[in-house]
1. Would it be correct to say that residue B:462 is farther than 25 Å from residue B:349 by Cα and either in contact (Cβ under 8 Å) with a residue 40 or more places away in the chain or part of a helix (DSSP H, G or I) (or both)?
2. Of everything in the range A:243-269, what is under 19 Å from residue A:302 (Cβ atoms) and surrounded by 15 or more Cβ atoms within 10 Å (Cβ to Cβ)? Give them in sequence order.
3. Go through the range A:98-111 and report how many residues are within 8 Å of chain B (Cβ to nearest Cβ) and over 13 Å from residue B:76 (Cα atoms).
4. Looking at B:133, B:118, B:137, can you tell me which residue is within 9 Å of another protein chain (Cβ to nearest Cβ), buried (at least 18 other Cβ atoms within 10 Å of the Cβ) and under 30 Å from residue B:206 (Cα atoms)?
5. Taking residue A:93 as meeting all but one of (1) facing another protein chain (nearest Cβ under 9 Å); (2) over 18 Å from the mean Cα position of the chain (by Cα), write down the number of the exception.
6. Answer yes or no as to whether residue A:27 is more than 10 Å from chain B (Cβ to nearest Cβ), under 21 Å from residue B:80 (Cα atoms) and surrounded by fewer than 20 Cβ atoms within 10 Å (Cβ to Cβ).
7. Quick check on residue B:171: is it in contact (Cβ under 8 Å) with a residue 12 or more places away in the chain, within 14 Å of chain A (Cβ to nearest Cβ), on the phi < 0 side of the Ramachandran plot and touching a helix residue (DSSP H, G or I) at 6+ places or on another chain (Cβ under 6 Å)?
8. Can you tell me which residue is nearest to residue A:173 (Cα to Cα) among those in the range A:112-122 that are crowded, with 23+ Cβ neighbours inside 10 Å and more than 7 Å from chain B (Cβ to nearest Cβ)?
């Protein structure tokens, strides 16, 4: 039964900028966070796969180490880019987000512990040297498993935040916060949707590494391209299956949003599916012809569009779930003109400084062709 | 009440304290340590000290592993934790200061990038460029403090924000600058303290001695100015708020004393490193760090403690009720809840019908929504301990709950709720600590009577209303104590026995003469 009276009231402070500003920031920063997460987690998975295949294939251990050295950069990138959507989701959806977090409090809190351990594991693996990873691959495996667990807790919390009708039953049966949202039918496909995406994007990370090595060590670069490109293709094919599963698991009225009821959602879904399929074909062609340009520019470009449209679809889904309770027009807006422009100015300056830092470090000079370096400085 | 309360068996407050104290101990190092890195690099290069430079490379790795990993994750951790434990306060702080947080995020992004490039750039970059990254790191880290300090100090001294709700008025509040200076000094000291750790494992005794002396230069002056900065800080805190740390409130007072003692010990230990700098041992450097952690943790405890009963001073109580009715509070001010009742106001109540039979279970829920953000039954800030000391029966608990806001210099918010809800809470509390059989015979020595019945609100000093106003004549005083509510309408209606009253009056008079003697002695000197 619905218990609408459980939904916490908003606090008395007005929104310090129009609703759409926060919505835009939320979607854009979430997109960046998820891209970084995909590279990090997918990179870890493929490093381990390369290690597993190292007996049959030369250079497996080299791939392992090369990726391992990037993870201590990709993980803080994920965290840092995750802070912003964490902030903006609280601005707009605090009542739902805090409540579901409290209901799954212990798993949610343990994310911090898992993350710390996984992080040190990545550092450990990255600092090992020599020909054989030895213990490093075991440590890396543990870290990757911990990151999967973190993703699983996130899926639990965020699905719960969208289904207030489950709150009362869960909370009152265990106010100590030892809950998950396992009965949610979309939980597993949703979780897998993110994890399989990570494997695909991890493939693109290897393609970027192939690009960086293309002139220096062609043999190795070709191997990276084939391995990464195939991983990308298989994962994206699997993603289409998982995506259909996710769509089918949605309640009918929400599913129909993507099948005609909401034209934006429908178009975005089509863009996502067509983009994914197109990327598979492009990549397959690029692998056959060993065309690094297509693999490292066009495919990632298409995937950027796909992930962005997925991020907007995700937002549409959340608002559809919360439709009975969440009414953005009820926000009182009082823009803080005394500080909002300062944020914008500092944001622009910060991004500019960030590029200058990478540029002076030689990130763009070394491989002139790199448009978007996979292992950028943060 | 508006949000569910996370029932942490060992105490939500303890969890938040652990997360926060370990974080600040690292985050302050992250800032001071940044300046330490660049200045040490410059010094090493100027003196052509390649040994020092090599050590600094390793120290950078240590620095990144501590600050970029643990510091960053635990910083997010504070956010997770306050959202779980004080969602109302977090939501308010997010809405008031989202642009502050967002600006801090920009600095943080720059900071993390610069730290990693500084680390990876050691063997790759020209010295000047390498130092450039170090400077950017430090400036961005300091800028994060500039932002976050405004929000933390706002919680203690919101200043005129309460009236005008203007971002910058709340941000540059009365304690903003002293806190900034105070924390910056701590950060500089911590830079030296952490350097001692990596210095201690150096085999080259000469190098070790150089680093120890250099570190002392960071620690000793910074700690030496800390008391002055602390005094400035305290002066900017409203007098009645700071008073909590001067006796009436055990937590605030104990930690204030502890902070001072541990600060002095850290200072002394830092000086001791200079006695035999060539032989400084890892264990010793860890001891210095541990004592410093204790000092810093105590300081943060004091700041949090004197802020009580508020989480945002004069705005939001620690149990997530607004201290005054404000537009948009959705009925969650203390007065509105008292008028409407908890069972009607709170959202996260399972059983809203209070009957004769469910007093204890409903009382348990009242405890959860109203008290548990700070208290537990018998763990951290456990009620059991207070009740064991005081030996109150249910009627007395119920009476005392009516005056929570007077206890320990007003460290608790008033009980918000109806009389029957207060009764239910009292029935639940009685189950936590049933009165022992031996204590059923009420205590009759004056001191115990005072401690069990008066001491939570009345302090033993000449200025206190009890010692000032109670008639000196034993008979008149005994009569006056018969009905406390006529003495002062807000007193609980306690019924002491004739014998208890007599011994209480006698004890009070003894104390008075002691106070008189003390005053006389002090006057004589």
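The values are calculated or read from the model by the stated rules, or taken from the named source; none is laboratory data. Everything numeric here is computed off the predicted structure, so don't read it as measured data. Note that each Cβ is placed from the backbone with ideal geometry, even for glycine, and that neighbours are counted across all protein chains shown.
1. When the stated conditions are applied, residue B:462 passes them.
2. Residues satisfying the conditions are A:243, A:268, A:269.
3. The qualifying residues number 6.
4. B:133
5. (1)
6. Against the criterion (more than 10 Å from chain B (Cβ to nearest Cβ), under 21 Å from residue B:80 (Cα atoms) and surrounded by fewer than 20 Cβ atoms within 10 Å (Cβ to Cβ)), residue A:27 qualifies.
7. Spelling it out, residue B:171 is indeed in contact (Cβ under 8 Å) with a residue 12 or more places away in the chain, within 14 Å of chain A (Cβ to nearest Cβ), on the phi < 0 side of the Ramachandran plot and touching a helix residue (DSSP H, G or I) at 6+ places or on another chain (Cβ under 6 Å).
8. So the residue we want is A:118.
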